Amino acid sequence: MKIVVLVKEVPDTYEARKLDSSGMLARTASELVPDEINERALESALRYQDAHKGTEVVVLSMGPESTVKTLRKMLSMGADSAVLVEDSSLAGADLVRTSAVLAAAVQREGFDLIVAGNESTDGRGGLVPAMVAEHLGLPLLPSLDTLEITAESVSGSCAIDGGTLVVNAALPAVVSVTERSAEARFPNFKGIMKAKKKPLAKISLADLGLSPEPGARSTVTAAVERPVRAAGTKIVDEGQAAQELADFLAANRLI
Amino acid sequence: MANILALIETTSTGGLKSSAAGLIGAAAQLGTPVAVLAATPGAGAASVAELGRLGAAKVYIAEGDGVGRVLTRPQLEALAGAVEAHGPAAVLVSNSNESRGVAGRLAVRVGGAVAAEAVGVRADGGRIIAVHSVFGGDYTTESTIEGGLPIITLRPGSIEERAEAAIPEVSTVTLVLAAGPAANIVELREAPAETGRPALRGAAKVVSGGRGLGAKDNFALVEQLADALGAAVGASRAAVDAGFVPQSHQVGQTGVAVSPQLYVALGISGAIQHRAGMQTSKTIVAINKDEDAPIFEVADFGIVGDVFTVVPQLVEAIKARQLAAV
Ligand SMILES: Cc1cc2nc3c(=O)[nH]c(=O)nc-3n(C[C@H](O)[C@H](O)[C@H](O)COP(=O)(O)OP(=O)(O)OC[C@H]3O[C@@H](n4cnc5c(N)ncnc54)[C@H](O)[C@@H]3O)c2cc1C
Ligand SMILES: Cc1cc2nc3c(=O)[nH]c(=O)nc-3n(C[C@H](O)[C@H](O)[C@H](O)COP(=O)(O)OP(=O)(O)OC[C@H]3O[C@@H](n4cnc5c(N)ncnc54)[C@H](O)[C@@H]3O)c2cc1C
């Protein structure tokens, strides 16, 4: 079994994140890290590998050169090899472009199963997995809270408005997992040392046979930062606070 | 006016999900709302009156056996058929776990592009503009689609506009799913019917509890205050992880983003990822025993105190005022 895990590098959600004046991510404003959801995606693949020797796990990302750091972290967690699609013409790529590139790259790599996050913490489109699946003519089991992988199939559960769907599909297939899925392991010292020697391939659009001109695309026309909230009132409870809060709510017509 | 397609979500019994009103309402901002529905054979007609009441000028029904058994593909084929039949200027899809994949696949299929998680839409001359709230509401951005069909996913509960009722023109086609790999729906486990409380998405008031509540049983305190205020119940990720409430109540970066008139945070520290889901609320109230908790940075009214002392008193004070008012 060969599992490809799709990994995106994102600005750390523990810090303030910035857009530049054209509405593009200001990459220098915050630390860039592997998206937490992709560590969980990798964990799902590694758990299958732990139980089934001979399973190959590849991490694949599209992003700038800095993404090497993210991929090395994934290798230190236990992935066997990494692929980075890097091309200056991909800066600011939208969902359509990103998924076309990722689909071409996974096809070049070969796979039985593709595991992605349900949505990234920066773009939050939640659409790359479905778009990659459409390019490849494959089923997608989306937003799985639980995931079971067998040699022939994948299954799991997906929360929807009004209940939970239990879904399955034969391999090859694409799945995306949520933050309810497998909690990621921490890389240990041995893993970190081994990661330095694991293969990390960099490929360009030309290697994928894709042209640099995008077709239909999404473009940002305006980006406005929210004004900071005005400071409010803070009181210490000495038995009176509940009444004062009730007064405040009444004065603001909230009760 | 140009046709605007809205993909309608249905329940297992064929009823309309609550997202329908916002989808049709948004479509009406841009042109003539066309509701697109995938239904089991013979089941589509039952929804037409309700879709008309919500403002659909046209209803495109694709009926076939796969609906409810195969994931995504029936809705995708329905929508692709409606794109052919109605030549729309834009397609609107709910940004939900079940529907958004349809939007992504349609974009690949027809050579369109996607405006993701819009909280508003408008027509600006010949262009269609989607409004987004990104990085937890830190920025409001606008985007447009160039060179192809605009496909817009809408954040559930974010569209307040409603369309005027119409008597829809209906077309019904047969849905044929080509053989091929598919994701199968094995089972739908229905969630127990919601209590009388308002739904979190789109609620006017929200009371959320965090790890500070300490135990599942204590979460009743959050519910008591919510009920006194007529509010929806929310939670931090730590409260969800601790099993106090189901994940559907999570507010934040990876949960629901809310923007109510009133947001009350009880025993929540105010981590940046939690604030990402609530900091655009009109009025924020926080009760936390740690005077340095970051939640106070965004609170309009903060109480440094113990939730187990303050909240019962607050519930009494609210009830007393409500009694005095009648
Ligand atoms: C604030 C903001 C708003 C944006 N809005 C839009 C928009 O409205 N329309 C639009 O077309 N684009 C938009 N983009 C661009 C979009 O984020 C990028 O195209 C991005 O590369 C993929 O989209 P996503 O992050 O939404 O992915 P999602 O679909 O949310 O990602 C889900 C999963 O797909 C995989 N994945 C996603 N990207 C990569 C990658 N580069 N490499 C490897 N795996 C990946 C990961 O497993 C990830 O967990 C926006 C970007 C930002 C920062
Ligand atoms: C990628 C990513 C996504 C995330 N997404 C989300 C998200 O969507 N939503 C979310 O909420 N978090 C999210 N988090 C987690 C976030 O970082 C915090 O861990 C979480 O919000 C903490 O929840 P909490 O405030 O309930 O718990 P804590 O931070 O433990 O805070 C508990 C608070 O309760 C107070 N307290 C304790 N006892 C009492 C008492 N008796 N009376 C009054 N106050 C009391 C304490 O002073 C403390 O401030 C995410 C994290 C990551 C990395």
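The values are calculated or read from the model by the stated rules, or taken from the named source; none is laboratory data. Note that the coordinates shown come from a computational prediction; the quantities given were computed from them, not determined experimentally. Every residue, glycine as well, gets a Cβ built from its backbone with ideal geometry; the counts of neighbours run over all protein chains shown. These area figures cover heavy atoms from the full protein model, side chains too; ligands, DNA and RNA do not enter into them. Shrake-Rupley method; radii C 1.70, N 1.55, O 1.52, S 1.80 Å.
Would you be able to say whether some residue in region B:140-154 is open to solvent by 40 Å² or more (accessible area, probe 1.4 Å) and in contact (Cβ under 8 Å) with a residue 60 or more places away in the chain?
The first filter runs over region B:140-154 and keeps only residues open to solvent by 40 Å² or more (accessible area, probe 1.4 Å), leaving B:140, B:142, B:146-147.
Now restrict to residues that are in contact (Cβ under 8 Å) with a residue 60 or more places away in the chain: none.
No - not one qualifying residue is present in region B:140-154.
Just one of the listed residues (B:196, B:180) is within 14 Å of chain A (Cβ to nearest Cβ), assigned to a loop (DSSP other than H, G, I, E, B) and either away from ligand 1 (no atom under 16 Å from the Cβ) or not β-branched (Val, Ile, Thr) (or both), and it is B:180.
Is one or more of the residues making up region B:149-167 over 18 Å from the mean Cα position of the chain (by Cα), at pLDDT 95 or above and at the interface with another protein chain (Cβ under 8 Å from one of its Cβ atoms)? For region B:149-167, residues over 18 Å from the mean Cα position of the chain (by Cα), at pLDDT 95 or above and at the interface with another protein chain (Cβ under 8 Å from one of its Cβ atoms): present. If you filter region B:180-218 down to residues that are acidic (Asp, Glu) and more than 30 Å from residue A:172 (Cα to Cα), you find that the one that is nearest to ligand 2 (Cβ to nearest atom) is B:217. Can you find even one residue in region B:184-191 that is more than 7 Å from every other protein chain (Cβ to nearest Cβ) and either at negative phi or within 16 Å of ligand 1 (Cβ to nearest atom) (or both)? No, because not a single residue in region B:184-191 is more than 7 Å from every other protein chain (Cβ to nearest Cβ) and either at negative phi or within 16 Å of ligand 1 (Cβ to nearest atom) (or both). When region B:224-261 is filtered for residues that are open to solvent by 20 Å² or more (accessible area, probe 1.4 Å), within 13 Å of chain A (Cβ to nearest Cβ) and of a type in the set (A, V, I, L, M, F, W, C), the ones remaining, listed by number, are B:238, B:257. In region A:1-44, counting only strands (runs of 3 or more DSSP E) that sit wholly within it, the ones holding 3 or more residues that are open to solvent by 10 Å² or more (accessible area, probe 1.4 Å) span A:32-34.
Within region A:79-89, identify whether any single residue is more than 30 Å from residue A:221 (Cβ to Cβ) and away from ligand 1 (no atom under 14 Å from the Cβ), and answer yes or no.
Going through region A:79-89, the residues more than 30 Å from residue A:221 (Cβ to Cβ) turn out to be A:79-84.
Filter again for away from ligand 1 (no atom under 14 Å from the Cβ), leaving A:80-81.
So far as region A:79-89 goes, yes, one or more of its residues are more than 30 Å from residue A:221 (Cβ to Cβ) and away from ligand 1 (no atom under 14 Å from the Cβ).
If I filter region A:57-72 for residues that are within 15 Å of ligand 1 (Cβ to nearest atom), in contact with a helix residue (DSSP H, G or I) (Cβ under 7 Å, 6 or more places away or on another chain), part of a helix (DSSP H, G or I) and of a type in the set (A, V, I, L, M), do I get at least one hit? No - not one qualifying residue is present in region A:57-72.
Only one of B:287, B:272 is at the interface with chain A (Cβ under 10 Å from one of its Cβ atoms) and within 16 Å of ligand 1 (Cβ to nearest atom). Can you tell me which?
Result: B:272 is the single residue among B:287, B:272 that is at the interface with chain A (Cβ under 10 Å from one of its Cβ atoms) and within 16 Å of ligand 1 (Cβ to nearest atom).
Every condition in (1) within 13 Å of ligand 1 (Cβ to nearest atom); (2) touching a Ser or Thr at 6+ places or on another chain (Cβ under 7 Å) is met by residue A:130 except one, and the failing one is (2). Scanning region B:72-115 for residues that are more than 13 Å from chain A (Cβ to nearest Cβ) and of a type in the set (A, V, I, L, M, F, W, C) gives B:78, B:82, B:83, B:85, B:89, B:92. Of the set (1) part of a helix (DSSP H, G or I); (2) in contact with an Asp or Glu (Cβ under 6 Å, 6 or more places away or on another chain), all apply to residue B:228 but (2).
Meeting the requirement of 1 or more residues that are crowded, with 21+ Cβ neighbours inside 10 Å and free of Cβ contacts under 8 Å to residues at least 40 places away in the same chain, the strands (runs of 3 or more DSSP E) wholly within region B:1-85 are B:32-39.
The single condition among (1) in contact with a Leu (Cβ under 7 Å, 6 or more places away or on another chain); (2) closer than 28 Å to residue A:23 by Cα that residue A:217 does not satisfy is (1).
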